[in-house]
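A short worksheet on the structure shown next.
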Amino acid sequence: MNLQELQTRSGNQCELCGTTSGLKVYEVSAAPKSIRDAEIYCCEKCIAQIDKKADLEQAHWQELLGTAMWSEVPAVQVVAWRMLNRFRNESWASDDIDMMYLDEEHMSWAKASGDHENDATVDLHRDCNGAPLQAGDSVVLIKSLDVKGSTVNAALGTVVKNIKPDPNDTAYIEGKIEGQSIMIKTIYVKKQGAEQML
């Protein structure tokens, strides 16, 4: 389905929460080949939480999932079922799951993500205080670090700008110090500006 068709179908709003800003085409994962329309039109906030790149906000999902689960769009139903299962220990979500109906093909698509078997924890890159770290953030070293095989001075208080989270390990970020890229353990950094947010 192309962008224009999705915009028309959704009324130019997120098909999950109804917001009208930051909208993108989102491909719902693990769709079988028999499914023609595996995309939904969705906001960045919903996408980040669906993809476990942001902490789940129960207040954001509680009301909207009760509506999204009745959508006539199978891809929206599948996402609603998956997200309800992340909250399955909450009575409201458990009740909605019990009421929801998906045919065999769509249920097998919904289960392909494994959300019905996993808990809702989100494994994010976090600094020493637990603040989430994202690509492009700046951090401050809270400890002087030895950089093996290098003359780089990674001293306490050094600011590392434009970090890149290691896609394979949430315990590490990549950053440049004195022009050289190094891997840094997240427990040795504090997100710059995080103290104002706490």
Among 36-43, 70-77, the order from most to least packed when residues are scored by Cβ within 10 Å on average: 36-43, 70-77
Using distinct alpha-carbon pairs, which all enter the 1/r mean, Kirkwood radius of the range 3-111 in Å: 14.0
Length added when fully stretched, Ala112-Glu90, from 0.36 nm per residue minus Cα-Cα: 5.7 nm
Interchain or long-range residues, amide H under 5 Å from Val28's placed H: Glu39, Ile40
Candidates Gln134, Gln180, Gln62: whichever shows maximal mean-square fluctuation once the chain is modelled as a Gaussian network with Cα springs under 10 Å: Gln180
When each of Lys45/Lys148; Lys52/Lys148; Lys45/Lys143; Lys45/Lys164 is checked by Cα-Cα distance, pairs over 29 Å: Lys45/Lys148; Lys52/Lys148; Lys45/Lys143
Fully extended contour minus Cα-Cα distance, from Gln134 to Arg36, at 0.36 nm per residue: 31.9 nm
Percentage relative contact order, the chain, counting C-alpha pairs under 8 Å, at least six apart: 14
Normalised contact order of the range 139-192, rounded percent, pairs of Cα under 8 Å and 6 or more residues apart: 36
Label-point gap, in nm, between Tyr101 and Asp169 - each point 7 angstrom along Cα→Cβ: 5.0
Value of relative contact order over the range 3-111, rounded to a whole percent, pairs C-alpha under 8 Å and six or more apart: 22
Relative intensity, log₁₀ I(q)/I(0), of the range 108-182 from a Debye sum that treats every alpha carbon as a point, q = 0.24, 0.28 Å⁻¹: -1.17, -1.39
Between 0 and 90°, nearest 10: helix 74-86 axis offset from the chain longest Cα axis: 60
Given [x] 14.6; [y] 11.2; [z] 13.7, the label whose value is mean projected area of the Cα convex hull in nm² derived from this model: [z]
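Readers should treat all values here as calculations from the given coordinates under stated rules, not as data from a laboratory. These numbers come from a predicted model, not from an experiment. With ideal geometry, Cβ positions are generated from the backbone for all residues, glycine too; neighbour counts draw on all protein chains shown.
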